[in-house]
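Q: Structure in structure tokens, see below.
The values are calculated or read from the model by the stated rules, or taken from the named source; none is laboratory data. As the structure is a computational prediction, the values presented were derived from the model and not from experiment. Neighbour counts are summed over all protein chains in view; Cβ atoms, including those assigned to glycine, are modelled from backbone coordinates with ideal geometry. Note: accessible area is taken over every heavy atom of the protein model, side chains too, but ligands, DNA and RNA are not part of it. Shrake-Rupley method; radii C 1.70, N 1.55, O 1.52, S 1.80 Å.
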Amino acid sequence: MRKWKDVRQEIYTAEEIRESDLRVAIISELIKARNEKNISQRELEQLSGVKQPIISRMEAGETSPQIDTVLRVLAPLGKTLAVVPLCET
């Protein structure tokens, strides 16, 4: 049985994999922050102005949100995005 990691490297370019991993990391942190603050998606809607269905789709990975949307959702969670150098491994 082949592992997903091997199949993924055959299907996607290294750049596509990096982009996907970055999106997953950002959304994972968003979900973690929301859970740590014990805030529901509905409450986050009220705090951020971003509709709950959009938050749900973001968290489920069903959409690729614009940066301003991500920033609006992160702000009430006490988070922001930062531009940092890539770690080449």
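Q: Mind checking which pairs have a first residue in region 64-77 that is outside any helix (DSSP H, G or I) and a second that is open to solvent by 70 Å² or more (accessible area, probe 1.4 Å), Cβ under 8 Å, 6 or more apart or different chains?
A: From region 64-77, the pairs are Ser64/Arg23.
Q: Quickly run through region 1-53 and pick out the residues that are within 19 Å of the chain's Cα centre (by Cα), assigned to a loop (DSSP other than H, G, I, E, B) and polar (S, T, N, Q).
A: Matches in region 1-53: Asn38, Ser40.
Q: Taking region 19-49, which residues are open to solvent by 90 Å² or more (accessible area, probe 1.4 Å) and touching a residue at least 24 places away in the same chain (Cβ under 8 Å)?
A: Those that are open to solvent by 90 Å² or more (accessible area, probe 1.4 Å) and touching a residue at least 24 places away in the same chain (Cβ under 8 Å): Arg23, Glu29, Lys37, Leu47.
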